[in-house]
Every structure is written in structure tokens, then in C-alpha cells.
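Here is the structure we will look at, set down as C-alpha cells.
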Amino acid sequence: MFFPVVLAIPTKILSSNFNTFCLLLVAGLATASSARKHGKTRLKETETLKKIASMVNRSLELNTVLVSTLEEIMNSLGMDAGIFRLRRIPENSPRAVCRGFSTDTAAILEDEKSVQPQSTPLIASDVSQWNDSSLAKALLKEGIRFFAMFPLMSGNRILGSLSLASRTAKNITESQKEFIDALSEILGVAIINSQLRDQANKLSEDLIALQEVNKIISQSFNLEDIIQRIVVEGKRLAKTSQCHLFLLDDQNQCLTGSASTQTENLDIRTVRIHFSDASTAITALVERKVIAIEDIPRDEKTKSVLMETLGWRAAIFAPLLTKEQAIGVLVCSDDSRERKFTNEEILRAETLAHQAAIALENARLFQIISRSQKDWEITFDAMQDCVSVHDTTGKVIRANVALARRLSTIPQKVIGRYCSEFYHPEGSVAGQCCHANSLKPEALFVEEVALPAMGGVFQISVSPRFDKNNRLVGSIHVAKDISNERQLQQQLIQSEKLSAIGELIAGIAHELNNPLTGVMGYSQLLQMREDLDDRVKENLFKINNLALRCQKIVQNLLSFARKQKPERTLSDINDILEKTVDLRSFQFQVNNVEISQELDRSLPKTIADAQQLQQVFLNVMTNAEQAMLEAHGKGHLTIRTKTNAQESHITVEIADDGPGIPESRLTRIFDPFFTTKEVGKGTGLGLSLSYGMIKEHGGNIYARSRLGEGSTFVIELPIISRLETENGPAPALMPQSLQFENLVRDKRILVVDDEKYILDFFVEVFLSFPMKVDTASDGRAAMKKMQVFDYDLIITDFKMPQMSGRDLFDWIRKNQPQLARRIIFVTGDTVSPETRSFFENNNSRYLAKPFKIEEVKEAIQQTLNAG
């Protein structure tokens with residue numbers, strides 16, 4: 001047996017005492033082999049291991065070791081071909097050492113994508129029985145029958161592989177496996193030692209370079225610290241009494257004092273040497289060379305006063321030079337009159353100046369980079385979008401404040417987490433995110449996902465991140481909150497749906513109002529007959545009332561579904577609530593939902609958009625109805641109105657006896673897209689839209705609820721009464737005391753409508769009065785009759801084929817203007833903004849279909865009196 005316990009010896013010990021390690025390993029192998037039957041074979045293997053170990057100990061050249069080892073192994077095991085392939089190798093070492101394989105087969109074995117080394121041996125005793133891979137085909141082409149691949153290991157780390165092949169079928173014995181395992185361990189140590197040697201050599205060179213620089217200046221990038229260290233080191237190295245540093249000031253065309261070891265009676269920052277001065281410092285700067293002056297008063301004649309003030313008697317002027325320019329001058333000064341500078345001192349000053357220039361330039365660049373980085377960080381953290389930078393595994397290495405705020409933490413605590421922890425789409429598999437999709441050159445992945453952990457719907461853009469060598473090093477995630485955009489999109493879709501519904505209902509309403517006009521009109525005419533008994537009149541009364549009910553339903557539908565411009569007028573909240581209840585009355589009735597209305601009849605009016613409030617009330621009532629039905633199949637809905645104690649607000653309460661709302665959801669029910677309903681039963685926008693509408697009115701909406709005790713939605717609206725009356729057309733005025741019969745006596749009236757039964761109805765109504773009634777089926781027929789007869793009053797339908805009532809009005813205003821104020825329009829759609837606008841602008845009277853006979857008489861009386 002071999003003794004793998006030897007492998008537990010630390011690498012450091014193996015590196016320094018490798019010979020001892022190899023001898024121990026070989027001795028153990030020799031002892032174990034003596035207990036085997038095949039002693040000669042094991043002895044040969046032991047001798048081979050000893051030879052390889054000795055070779056490794058003598059030479060650190062990895063290539064030599066690998067070449068010789070491969071030959072020894074092939075000879076020892078009787079192999080025809082072999083290859084060492086290293087996965088991670090020291091610099092300047094071979095990637096592979098090959099013997100016996102063809103170029104094509106060797107290329108396949110060297111390719112890690114084609115053949116991946118495993119931690120366990122791969123042995124094929126008969127390659128012909130192997131899988132149909134490119135390697136198997138290449139081996140068979142060469143006549144290879146046996147193939148094996150063994151890992152080269154160092155601990156748990158795979159360093160490479162050893163592949164052996166034979167043209168005859170073979171079986172690897174346990175003894176041979178142990179031999180190869182021991183050999184792999186020896187080579188693993190050799191590879192590791194070679195890597196350590198290369199690293200040590202490189203580190204040694206780097207340390208020497210750093211030591212040379214750090215003899216004078218530390219690695220500080222603080223400019224003030226560096227310039228102070230420069231003058232201190234200059235004084236020490238040049239062995240002068242003082243040292244001063246002057247830096248170039250291009251703007252003021254001078255050298256400006258920056259630092260000095262002389263602190264008494266001198267503020268070096270106030271000293272300036274101008275380019276125009278005949279100074280040795282300027283000469284050294286311009287000529288880019290070191291100048292040593294041993295008697296400054298004699299040589300610096302024009303600056304003797306300055307030099308005398310500074311106390312300089314002798315000095316070394318060493319320019320600070322970079323590749324591009326000179327940036328200053330280092331002055332090592334002495335107060336001795338006849339100071340002799342040695343070449344070593346001058347060289348030290350020159351070297352220090354050179355290193356100082358590099359240090360100062362690096363510090364300047366560092367400051368620029370620091371400012372840029374700070375600006376970048378400020379910009380990065382100021383971004384409202386959530387931004388994170390990831391490595392190739394998806395781990396966060398940088399996150400901005402917006403992302404941290406979304407996660408209710410700080411950026412430092414986001415670092416180290418994985419993208420799947422917070423960019424995890426709702427309903428997706430745990431750990432799934434789009435990071436992997438971006439790890440391709442020039443790949444940009446964009447998707448929209450709901451992220452509950454971050455509280456919204458986000459558009460996530462993921463792009464690959466490259467280093468300066470254009471190597472892929474990770475990805476960048478940008479998450480933009482598009483909840484508002486999605487909400488607006490849903491609102492737009494909803495608005496378009498309502499618009500389509502409004503157009504549909506408007507057409508239906510017009511079609512319904514026409515026959516309703518006939519039903520109501522003829523039922524009233526029949527009630528006026530004296531030859532009918534009371535039972536028939538009672539039935540006719542019921543028919544009339546049912547027609548009125550249909551009229552109310554149609555008007556409510558028109559009011560809710562018709563697309564209108566937001567319009568705030570003086571509104572009656574009680575009236576809006578009652579109309580809303582009427583709109584749902586049938587549904588409430590069939591679903592066994594009882595309605596209790598506790599309305600304050602003294603409630604003041606307030607300026608509001610009645611259509612928006614009706615939508616809010618309908619949303620709340622519908623939600624309450626659905627909750628009650630899901631809970632117990634029926635319900636009781638209570639609607640209350642009141643004013644607060646200060647009478648500044650109107651309070652509307654809509655209470656149900658449903659299941660209630662959990663406290664954890666009360667704060668979220670007004671969030672966009674939040675819904676507890678099944679897919680297809682709600683968009684999650686109803687209460688969100690309601691919240692926005694009430695806030696636009698300056699009001700408030702909230703809910704009170706306990707589980708099992710129902711919910712109460714409270715809507716508070718400010719009382720605003722700037723408008724005392726509503727502006728608009730006057731569709732109906734109170735009857736006057738004049739006798740209708742006397743008013744219409746001998747009058748000629750023209751009735752225009754495309755429905756014959758409505759024309760017949762008007763004729764029937766006016767039959768008992770002393771007046772002449774003509775009819776026309778459209779505007780063109782009416783226009784022809786008006787050219788023949790003079791009429792006192794025109795009653796015309798507003799919407800007709802060929803020529804509408806509006807077109808007829810325009811013709812009358814142009815051709816018979818005296819009749820323009822004696823026109824009564826009949827319309828089935830008073831909710832349409834276009835229709836209402838026309839009536840308001842022209843101050844026109846109109847009859848809303850269906851109408852009562854009394855309303856017709858009142859409209860005629862008002863128009864004739866006004867005319």
C-alpha cells in the first residue's frame with residue numbers, strides 16, 4: 001500500500017524540504033511493495049518514482065520534469081502515447097507535453113472544452129466500446145485500443161491531467177493506479193513549487209521597486225502630505241539645513257512656494273519667483289537640469305535681497321520633471337557660506353525630485369480620479385432608477401441609494417447579495433433572474449416584471465460589463481419603476497373601453513328613448529279619455545310609471561358611460577349616491593343585497609365632478625357587493641351622508657357586512673394593481689383610481705375594517721359653494737298661469753321627426769286645441785314646407801338622417817332668423833357633451849325623450865311667450 005498521509009504535509013514544508021518528502025514517500029512505497037506478489041513490477045515502479053522525485057528535487061525547470069516524467073511513465077507502463085495537460089500553469093511553462101499522439105488527437109486532448117479533467121480517473125479498456133465522441137473517433141483512427149486519463153491534484157484542486165494510451169487492450173491494475181496516484185502527487189507539488197517560485201520572483205522585483213520609491217516618499221495620495229514629506233526627505237538626503245518645494249503656477253507665470261522645512265520667520269506660500277526674474281530656480285526649470293550653487297549671494301545678484309531674506313547661502317535646484325512638462329523645483333538650501341555639495345548629495349536631490357514629480361503627478365491624477373469618482377458616485381446615487389453592478393456569478397459589488405431604499409436598507413448591506421434575491425419576478429422559480437442572459441458579448445436583456453420585494457412593476461435592463469481588456473466581468477442591472485406608466489396604460493385601456501361603451505349606449509339610448517316616448521305619450525293620451533273605466537286607467541298609469549323607470553335607467557347609463565370632459569359644478573352628493581344605487585339596483589336585488597340609505601337631507605351642495613364621484617361610489621359599492629357575496633351569498637349595504645362638526649366637509653360612509661379586510665392589507669388597498677381577486681375578475685385599479693379622484697377634489701378616502709365584522713369606506717369631501725347656481729340650458733320652467741288654449745289659438749306649428757309614431761303622437765296631443773299642426777319626416781321636408789307656410793313654432797328632433805335638427809336650425813337662422821328663438825328641440829341624448837354644448841351656446845329649449853304631455857305644453861308656452 002502507498003501512504004497518502006504524506007500528502008498532509010503543508011505546502012511550505014514541501015517546498016523547503018522536498019527532498020526529504022520524496023525520500024519518505026519512496027521509502028513508504030518500497031516498504032509497501034515488498035508485501036506484494038509482483039515485487040519486481042513494484043520495484044520498477046518504485047525506482048521510477050525515486051528517479052522522478054530526484055529529478056524534481058534537482059531541477060526546478062517544469063518543462064524538463066514533465067518531458068522526462070512522461071517518458072518514464074510510458075516506459076514503465078508500456079504505453080504507446082501520453083500527454084500532460086496543465087489547466088493552470090506558471091508563466092513561461094508549457095501548456096501540454098505530448099508524446100506519441102498525432103497533432104489532431106493532441107489538439108483535442110489539449111482543448112478543455114472538448115475534454116474536461118475530472119477528480120476521478122477516466123479509463124477505457126477498449127476504446128471501440130466507448131462513446132461516439134470526437135476523442136474516441138480520433139483515438140480509433142490512430143489504432144488506439146486503451147485510453148486512460150488521470151487527474152493531477154493538489155489537495156482538492158485539479159491542476160491538470162495525465163492521459164495514457166496503448167494500441168493494445170489493457171487493464172490498469174490497482175498497483176498501477178497507486179503508482180500513478182503517487183506520481184500525480186509528486187508532480188502536483190512540483191507544479192505548485194514552480195508557481196510559488198515564479199510568484200516569489202515577481203514579488204521580489206516589485207518589492208525592490210517599491211522600496212526604491214518608498215525610501216523618499218510614502219504611497220500617500222494626499223497632496224499636502226506628499227509635499228511636506230518631500231521637503232523633509234530632501235533635507236535628510238541632501239544633508240542641508242533646509243529644503244523648499246516650489247510648484248509651477250502657469251496662470252501667474254511664476255513658481256509658488258508650497259512647502260518648506262523652514263517654519264520660523266518664513267511663510268513659504270507667500271514666496272513667488274516670477275519667470276521674468278533672473279533666478280537659478282527658473283533656469284533649472286527651463287533647462288530641465290539640476291543646478292548646484294555653492295555661493296548664492298555671488299551668483300544670484302538680482303535676487304540677493306530675496307535670498308538674504310530666506311537665509312540661502314548655498315542650494316541645489318532640482319527640477320521636478322514629468323514626461324510632458326516640468327511641474328516645479330526642489331530647493332535644498334544651506335545657510336553655510338561655502339558649502340560644498342558632493343555628487344552623491346546632488347544625485348540624491350535629483351532622484352528625490354524625480355520621485356517627487358512622479359508622486360505629485362500621481363497625487364494630481366488621483367485627485368482628478370477621486371473627484372471624478374466622487375462625481376460618479378453622486379450621480380450614481382442620485383439616479384432615481386435602481387442600479388446595481390454584479391460579478392459573473394450575479395453577486396452585487398455595487399448598488400445605488402435608490403435600490404437600497406427600495407429594499408429598506410443601505411447600499412453597503414446590498415453588496416454581497418445575489419440579483420435573484422431582489423430581482424425575483426413574482427411567481428417565478430426561486431433563484432431565477434435575468435443575470436445569466438446578459439453574459440454574452442453585446443447582449444442587452446430587457447423585461448418587465450412585478451417585484452413585490454421592491455414594491456412595484458419594473459422594467460429591468462441587464463447589460464454585460466467588460467474590463468479595460470474587453471473581458472466579460474459581470475453585468476449591470478437598471479430597474480426602472482414603471483408602475484405609474486402601467487397604471488396610465490391600464491387607465492387608457494379602461495378609458496377606451498368606456499368610450500366604446502359610451503358610444504354603444506348612446507346609440508342604444510337613442511333607440512330606446514324613441515319608443516319610450518311613444519309608450520309614455522300614448523299611455524298619457526289614453527288616460528285622458530273619459531270613456532275608460534278606472535281599472536284600465538290604473539293599468540295605463542302603471543305602464544306610464546314603468547316607462548318613466550326605463551327612462552331613469554337609460555339616463556343613468558348615459559351619465560356613467562358617456563365620455564365627458566371633467567366638469568365641476570355645484571353638485572348634490574345625495575342625488576349622485578341615489579343615482580348610483582339606481583344604476584346597480586337590479587344587481588343588488590337579484591344578489592339579495594339589501595340597501596339602507598341614511599342620507600342627511602340638509603346636506604349642502606358642493607362643487608364637484610359628478611361623473612367622477614359616481615365612478616368612485618360605484619367602485620366602492622361593487623367591491624362591497626362582491627365581498628359580501630363571496631363571504632355568505634348575500635349582504636346588507638348601508639350608505640350614510642353627514643357633515644362634520646365644523647360643517648367644512650361632507651362625509652360619505654359605505655358600510656358592508658362582508659368578511660372584512662386584514663390589517664396588513666388596509667394600507668395597500670389603494671395601491672395600483674393590488675387586488676385579492678382571481679385573474680380576470682379585477683385589474684387592481686378601481687380603488688387606486690378612486691383614491692386619485694378624491695384627492696383631486698381635495699378630499700380623503702380610507703377604510704375601517706376588522707376581520708369578520710365587515711368594512712366601512714369613508715369618503716370626505718370639502719364643502720365648496722362658490723357657485724350658487726349651475727350654468728346651463730333651461731330645459732323646463734314652471735308652468736305659468738296663462739291659458740294654454742288661448743296662447744296657441746290660430747297658431748301654426750311644424751313638427752319634424754323621422755319616427756312616424758312620434759309625429760302621430762304630437763298630432764294627437766294638439767288635436768283638441770285650436771291650432772294647425774303640420775308634420776315633416778326630416779329636415780329637408782321641413783325646409784320645403786317653411787318656404788310655403790309661415791310657422792309660429794318649430795318642434796324638431798335633434799338627430800335625424802339626411803338633414804339633422806342642427807342643420808335645420810342653421811338654415812332657419814340664416815333664412816328665417818325670426819324663427820330661431822321659437823324652436824324646441826327633441827333629443828334622446830342630453831348627456832352628450834356636444835349636444836349640451838350646442839343647447840347652452842344657443843340658449844335653446846329642448847324636450848328630453850321620453851317626455852310627458854305636460855312638459856310639451858310647458859315648453860310650447862315658454863317658447864311662445866319668450867318669442
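The values are calculated or read from the model by the stated rules, or taken from the named source; none is laboratory data. Keep in mind the model is a prediction, meaning the values are calculated, not measured. Cβ placement follows ideal geometry from the backbone for every residue including glycine, while neighbour counts extend to all protein chains displayed. Note: accessible area is taken over every heavy atom of the protein model, side chains too, but ligands, DNA and RNA are not part of it. Shrake-Rupley method; radii C 1.70, N 1.55, O 1.52, S 1.80 Å.
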Matching residues, segment 268-321, being modelled with pLDDT of 80 or more and among the basic types (K, R) = R269, R272, R288, K289, R313
Leading residue by the ranking (nearest to Q862 (Cα to Cα)) among those in segment 760-777 that are open to solvent by less than 60 Å² (accessible area, probe 1.4 Å) and at pLDDT 90 or above | V773
Take V788 and decide whether it is open to solvent by 80 Å² or more (accessible area, probe 1.4 Å) and among the hydrophobic types (A, V, I, L, M, F, W, C).
-> yes
Across segment 194-250, what is the total count of residues that are loosely packed, with under 13 Cβ neighbours inside 10 Å, modelled with pLDDT of 70 or more and among the hydrophobic types (A, V, I, L, M, F, W, C)?
-> 1
With (1) modelled with pLDDT under 90; (2) assigned to a helix (DSSP H, G or I); (3) within 24 Å of K772 (Cα to Cα) as the list, and W811 as the residue in question, which single condition is left unmet?
-> (1)
Q861, sole failed condition from (1) modelled with pLDDT under 85; (2) within 17 Å of I749 (Cα to Cα); (3) surrounded by 14 or more Cβ atoms within 10 Å (Cβ to Cβ) = (1)
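Yes/no per residue for (1) part of a strand (DSSP E or B); (2) surrounded by fewer than 15 Cβ atoms within 10 Å (Cβ to Cβ):
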{"position": "L255", "(1), (2)": "yes, no"}
{"position": "A259", "(1), (2)": "yes, no"}
{"position": "Q262", "(1), (2)": "no, no"}
{"position": "S276", "(1), (2)": "no, yes"}
{"position": "I282", "(1), (2)": "no, no"}
{"position": "V286", "(1), (2)": "no, yes"}
Determine which member of the set K497, K542 is at pLDDT 80 or above and over 30 Å from I720 (Cβ atoms).
-> K542
Filtered residue count, segment 168-185, keeping only those that are touching an Asp or Glu at 6+ places or on another chain (Cβ under 7 Å) and surrounded by fewer than 16 Cβ atoms within 10 Å (Cβ to Cβ) | 1
Would you be able to say whether some residue in segment 50-72 is modelled with pLDDT of 80 or more, among the hydroxyl-bearing types (S, T, Y) and surrounded by fewer than 21 Cβ atoms within 10 Å (Cβ to Cβ)?
-> yes
Pairs, please: C-beta under 6 Å, at least 6 apart or cross-chain, first residue touching a residue at least 24 places away in the same chain (Cβ under 8 Å) and among the aliphatic types (A, V, I, L, M) and in segment 174-196, second open to solvent by less than 20 Å² (accessible area, probe 1.4 Å) and not in a helix (DSSP H, G or I)?
-> I180/F150; L187/L152; I191/L159
So is V620 in a helix (DSSP H, G or I), in contact with a strand residue (DSSP E or B) (Cβ under 7 Å, 6 or more places away or on another chain) and under 27 Å from E496 (Cβ atoms) or not?
-> yes
When residues of segment 326-338 are filtered for being free of Cβ contacts under 8 Å to residues at least 60 places away in the same chain and either buried (at least 19 other Cβ atoms within 10 Å of the Cβ) or under 58 Å from the mean Cα position of the chain (by Cα) (or both), how many remain?
-> 0
Which numbered condition R348 fails, given (1) over 16 Å from Q242 (Cα atoms); (2) part of a helix (DSSP H, G or I); (3) among the basic types (K, R) = (1)
Identify, by number, the condition in (1) under 16 Å from A190 (Cβ atoms); (2) open to solvent by 30 Å² or more (accessible area, probe 1.4 Å); (3) at pLDDT 55 or above; (4) not acidic (D, E) that N92 doesn't meet.
-> (3)
Only residues in segment 590-605 that are part of a strand (DSSP E or B) count as the first member; pair them with residues that are of a type in the set (D, E), Cβ under 9 angstrom, at least 6 apart or cross-chain, and list the lot.
-> V593/E625; V593/D656; Q597/E578; E598/E653
Is it the case that F769 is of a type in the set (A, V, I, L, M, F, W, C) and under 25 Å from T835 (Cα atoms)?
-> no
Quick one: T351 ticks every box in (1) open to solvent by 10 Å² or more (accessible area, probe 1.4 Å); (2) in contact (Cβ under 8 Å) with a residue 60 or more places away in the chain; (3) under 10 Å from A238 (Cα atoms) bar one, so which box is it?
-> (3)
If we scan segment 620-634, do we find a residue that is of a type in the set (A, V, I, L, M), open to solvent by less than 20 Å² (accessible area, probe 1.4 Å) and over 22 Å from L707 (Cβ atoms)?
-> no
From the set of residues in segment 371-394 that are of a type outside the set (V, I, T), farther than 19 Å from P452 by Cα and open to solvent by 70 Å² or more (accessible area, probe 1.4 Å), which is farthest from the chain's Cα centre (by Cα)?
-> R371
For segment 804-835, which residues satisfy the criterion of being crowded, with 19+ Cβ neighbours inside 10 Å and either in contact (Cβ under 8 Å) with a residue 60 or more places away in the chain or among the aliphatic types (A, V, I, L, M) (or both)?
-> L808, I812, L819, I823, I824, V826, G828, D829, T830, V831, S832
Identify all residues within segment 571-597 that are of a type in the set (A, V, I, L, M) and either open to solvent by less than 50 Å² (accessible area, probe 1.4 Å) or touching a strand residue (DSSP E or B) at 6+ places or on another chain (Cβ under 6 Å) (or both); write none if there are none.
-> I573, I576, L577, V581, L583, V593, I595
